[in-house]
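Student: Just dropping this structure here.
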Amino acid sequence: MDNQNPVMAVDKADRDKIIIKTSVIGILTNVLLAAFKAAIGLAANSIAVTLDAVNNLSDALSSVITIAGTKLAGKLPDKEHPFGYGRIEYLSALVVAGIVLYVGITAAVESVKKMISPEVPDYSVTALLIIGAAVIVKIILGRFVKAQGERVNSGSLVASGSDALLDAVLSLSVLISAIIFIATGISLEAYVGAVISGFIIKSGIDMIRETLDEILGKRMDKEISRQLKSLLSDEPEVRGAHDLVIYNYGPDKDLASVHLELPDTMSVKEVDGLTRRLETKVFKATGIILAAVGVYSYNTEDSSEAANIRVDVTKRVLAHAWALQLHGFYLDEKAKAMRFDVVMSFDIPHKEGVRILQEEMKEAYPHYDIQIVPDVDLSD
C-alpha cells in the first residue's frame, strides 16, 4: 500500500543478511585499500597517504563491529530482555563512532608532529594512479553501503557509507596535494593530514551525537506521527487520537501507545473490537505494534450550556502561548465535574502550568470539580 513503511519490504532475516553481506564487502575493500595506501605512504614517506590508510583500516574495523552488533541484536527475546536485543545496534554504532574519533585525534597528533619536523615525500606515477583509483572505489563503496543502510534502516551502515564518501573526498585532497608537490615542489603533506584529521574528528562527533539521540530517545518523526494519527482517526467512532508515544527497542522495533476520543455511549465490547481492528491496521501499514490504547470519552448529547462551557474553556486555555492543545474534554453537568488534558510546551514547568489553569478555571467555574492533566509536547 502507498503509506507502507519501505523498510517493511525487508524481513528480519533478510535485513541481517544484507547488513552482514554489505559489511563484509566493506571489510575486504577497506583492507585492500589500506594495504595499498600504507605501502605507498611508507615508500613515498607521505604522512597524508599513511593516515588515509589508517582511516581505511578503521573503516574495516567498524564493519567488523557492525557485523557483531547485528548478530547480537538478532538474539531472540528472553525472560530478562522481553523486548529483545535490538538496541545493541545503537551501542555498536557508538563503538564505531568512538573508533572514528580516536583515529581522527591520532591523525591530528601525527600531522602536528610532521609540521614541526617536516619530511619531503617522494611520489611515483604508480602511487598517484593507485590513489586515484582509491577515490573512485570509495565513492562506489560509499554510495552502495549508504543505500543498503537506508534500505534496511541500519544506522551503522548509513554511517559507514557516509564515512566512505567523506574518505573519497579526503583521498582526493591527498591526490591533489601530491600533484601540487610534483608540479611545484611545495609539500602540503602535514597540512592536508591536519585537514583530514579534522574531518574525521567531526565525523566521529556527529556519529556519537546521532547515536546518543537514538539511545536517549528523540522526538518522533512528524510524518510517522501524522500517518499514525490519520490511520486511527479514519475510523468513524474516533474523534481524535492524542498522546501518541513511540517506544523504540532497536531499528524497526517500535511499540506505540495512544489515547482515542470515543463517544460516551460505546460499550466495552465495542471498544475492544475497535482497538483490535486498529492494532492490525496500524501494524500492516507501518510495522509499529500498537501496544496500549487509552480512552477519552466525549459528550454525545451536549446541552447548550455544556457546549458553551467547552468553547469558553478551550478559549481560556489556548490564550496561553505555552498551552499548545486541549483535548479529552468531558463535562458531567449533574455531578458538576469537568476534565480535560492540555499539551504544554517546554517553556513552562507542567506543575506551574496546571496551577495557573486551575486557578483560572476555578474562578470562572467555582461550582465545578475540575481535573486538568498536563501532557508533554511529544509530536507534531
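Derivation of every value follows stated rules applied to the coordinates shown; laboratory data play no part. None of these values were measured; they are calculated from a predicted model. Heads up, the Cβs are rebuilt from the backbone with ideal geometry, glycines too, and the neighbour counts pull from every protein chain shown.
Student: Hey, what do the phi angles of region 255-266 turn into as Karplus ³J(HN,Hα) couplings, whole Hz, using 6.51/-1.76/1.60 and θ = phi - 60°, x for Gly and Pro?
Tutor: Each residue of region 255-266 in turn: 10, 9, 10, 7, 10, 10, 8, 10, x, 6, 9, 6 Hz.
Student: Only loop residues by DSSP count here, and only those with at most 10 other Cβ atoms within 10 Å; note down the GluC sites (Glu not before Pro) in region 254-340 that meet that.
Tutor: Listed in order of number, the matching sites are E301.
Student: Still on this model: Starting from the amide H of G84, placed 1.01 Å from N in the peptide plane, find each other amide H under 5 Å away whose residue is 5 or more places distant or on another chain.
Tutor: Those qualifying (amide H under 5 Å, at least 5 residues apart or on another chain) are D78.
Student: Also, I was wondering about something else. State which stretch of the chain is the longest one without any exposed trypsin sites (Lys or Arg not before Pro), exposure meaning a DSSP loop state and at most 10 other Cβ atoms within 10 Å.
Tutor: 80-333
Student: On C-alpha positions alone, give me the angle between the axis of helix 47-73 and the longest principal axis of the chain, in degrees, nearest 10.
Tutor: 40 degrees
Student: What's the magnitude of the charge dipole for region 225-376 around its Cα centre, counting Lys and Arg as +1 and Asp and Glu as -1 at the beta-carbon? Answer in Debye, nearest 20.
Tutor: In total the dipole reaches around 340 debye.
Student: So which GluC sites (Glu not before Pro) in region 62-142 end up in coil per DSSP with only 13 or fewer other C-beta atoms within 10 Å?
Tutor: Qualifying residues, ordered by number: E80, E119.
Student: Which pairs, out of K71/K253; K21/K253; K75/K253; K17/K281; K75/K146, put more than 18 Å between their alpha-carbon atoms?
Tutor: The answer is K21/K253; K17/K281; K75/K146.
Student: Turning to a different aspect of this structure: Starting from a Cα-only point model with no solvent, please compute log10 I(q)/I(0) by Debye for region 205-325 at q = 0.09, 0.10, 0.16, 0.17 1/Å.
Tutor: For region 205-325 at q = 0.09, 0.10, 0.16, 0.17 Å⁻¹, log10 I(q)/I(0) is -0.35, -0.43, -0.90, -0.97.
Student: Let me ask something else about it. Could you give the nm distance between label points at T314 and A68, where each point is 7 Å from its Cα heading toward the beta carbon?
Tutor: Result for the modelled spin labels: 5.7 nm.
Student: Out of every Cα-Cα pair in the chain, what percent are more than 27 Å apart?
Tutor: For the chain, the share of Cα pairs beyond 27 Å comes to 62 percent.
Student: Return the loop-located chymotrypsin sites (Phe, Trp or Tyr not before Pro) in region 280-380 (DSSP other than H, G, I, E, B) with at most 11 other Cβ atoms within 10 Å of their own Cβ; answer none if there are none.
Tutor: Passing sites in region 280-380 are F346.
Student: Hey, if you drop one equal point scatterer on each alpha-carbon of region 1-150 and run the Debye formula without solvent, what base-10 log of I(q)/I(0) do you get at q = 0.17 Å⁻¹?
Tutor: -1.02
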